[in-house]
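Please read the structure below before turning to the comments.
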Amino acid sequence: QHPALHEPLLLKVFADGEEVVKVEVNTGYNHRGVEKLTEKNSFYKDIFIVSRVCGICNTVHADCYVRALEHILGIEPTPRAKYLRVLAQELERIHSHMLINAVMAEVIGYDTLFMTIMRDRELVMKAKEILTGGRVHADYFMPGGVRRDIDEVKRSRLLDILNKLEPRLKYYKKVFENDPILIKRMLDVGVLKPLQVTTHGLVGPVLRASGIKSDAREEDKYDAYNEIPFNVITRREGDSLARMLLRWEEAIESLNMSKYILEHLPSGNAVVNEKRLPRRFPEGEAFTRVEAPRGELTYYVMSKGGDKPYRVKIRTPSFNNIINSAFSYLGYTIADVPVILVSYDPCISCMERAVFIDLRKGTRRIVTLRELVLKKVKMS
């Protein structure tokens, strides 16, 4: 399901006047059966299937799954392929963080800021297309390497794009830091304390914005992350503003990593000769994880021999961040609900529907996020 489609998540908000006193999160009934679908297709076809779990962060899904296959097969990608894999994932992190910050600007009412961020995000989408051949879905990863390499011309074009993008990212970070309206809407709204984020199993920028330094890239050092210098960004405030600013800081860090990769790209081959890959897999199992733009993403793959997996288990970051954070809305106003929700960077097929229940009047109303943003909620 595309995020623009209605269903399947319902946010039920109980309010006493304007104050939120209770929130229930229901995930609805839409289910694509991706895990079961992988059992009916070959290991290699499943690379395309898992890449469709999320259109925004498809390369991290492919990387996580492919590394599990490599573990079962006992093969290792070349150094150049590892660098290119990291480049694809960091470009994806940049455009994902830009997208949710643009959405936050729109929710608060800054349509012009939304449009300018989305305009500059196109630079990243172009870079991703140059690298992988796909503007949205990359289909770039294969066991043992990647599907496409880059030459000197493409490397130069990518560096030019990143050099154009760098001042724009720094500008938007400054806007979010200094604009009085943005600060008023996000500062001290949806505060999460360190104990709360760890107790409730929250991950990614939500976790790091509350002062917890946890990043699978640093902890597992998969692909080439052990060779590429980077800093794990953390903040202490734990509010909606901290979560959005942290994403700008991570985008800038990802841009620096991308430039480093292009300037220090190892020589050698990166493209896989698919004819040499075995059609049948040995028995085995693997558990892998990556740091997706929204947090920790894990895959468990089991093979009992043959050309199809026996079991594929996927754990995405958004489910934890949304389901386990219902407590964070309490005590804030109805107008704060969309701001807090967007600060978690939700990624479940359209999470915009909500039920508002006025405990004083006993009335209830189902509204969309759009209606809430435009202040069209009337409890009558």
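Tabulated values for the structure
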quantity: Size of electric dipole in the stretch 34-315: Cβ of Lys, Arg +1 and of Asp, Glu -1, about Cα centre, debye, nearest 20; calculated: 500
quantity: Pair ASN26, LEU277: separation of 7 Å Cα→Cβ label points (nm); calculated: 4.2
quantity: Extension gain, TYR171 back to ILE75 (0.36 nm per residue minus Cα-Cα distance, nm); calculated: 30.2 nm
quantity: Cα→Cβ-extended label distance, 7 Å offset, between LYS313 and ARG119, nm; calculated: 4.8
quantity: Given charges at Cβ of Lys, Arg, Asp, Glu: the stretch 34-315 dipole, positive-most of ILE183, ILE56, ASN226; calculated: ILE56
quantity: Listed pairs LYS82/LYS313; LYS193/LYS361; LYS22/LYS174; LYS45/LYS313; LYS36/LYS126 exceeding 27 Å between Cα atoms; calculated: LYS193/LYS361; LYS22/LYS174; LYS36/LYS126
quantity: ASN231-GLU263 FRET efficiency (beta carbon distance; Förster radius 22 Å; 0.05 resolution); calculated: 0.80
quantity: Amide proton proximity set for GLU285, modelled H, under 5 Å, gap of 5+; calculated: SER303
quantity: Structure-based [θ]222 nm, the chain - -39500 (n - 2.57) summed over DSSP H runs of at least 4, per residue, nearest 500; calculated: -14500 deg cm²/dmol
quantity: Relative contact order [Cα under 8 Å, 6+ residues apart], the stretch 182-276, whole percent; calculated: 31
quantity: Computed lengthening from LYS40 to ARG360, 0.36 nm per intervening residue step minus Cα-Cα distance; calculated: 109.9 nm
quantity: Ranked list, fewest to most other Cβ atoms within 10 Å of each Cβ, for MET115, MET257, MET244; calculated: MET115, MET257, MET244
quantity: Relative contact order for the stretch 24-102, counting Cα pairs under 8 Å that sit 6 or more residues apart, in percent; calculated: 24
quantity: Whole-number percent relative contact order across the chain, with pairs defined as alpha carbons under 8 Å at least 6 apart; calculated: 29
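Where a number appears in this text, it was derived from the coordinates with a stated rule and is not lab data. All values derive from a computational prediction rather than experimental measurement. In this analysis, Cβ positions are derived from the backbone assuming ideal geometry, glycine residues included, and neighbour counts consider all displayed protein chains.
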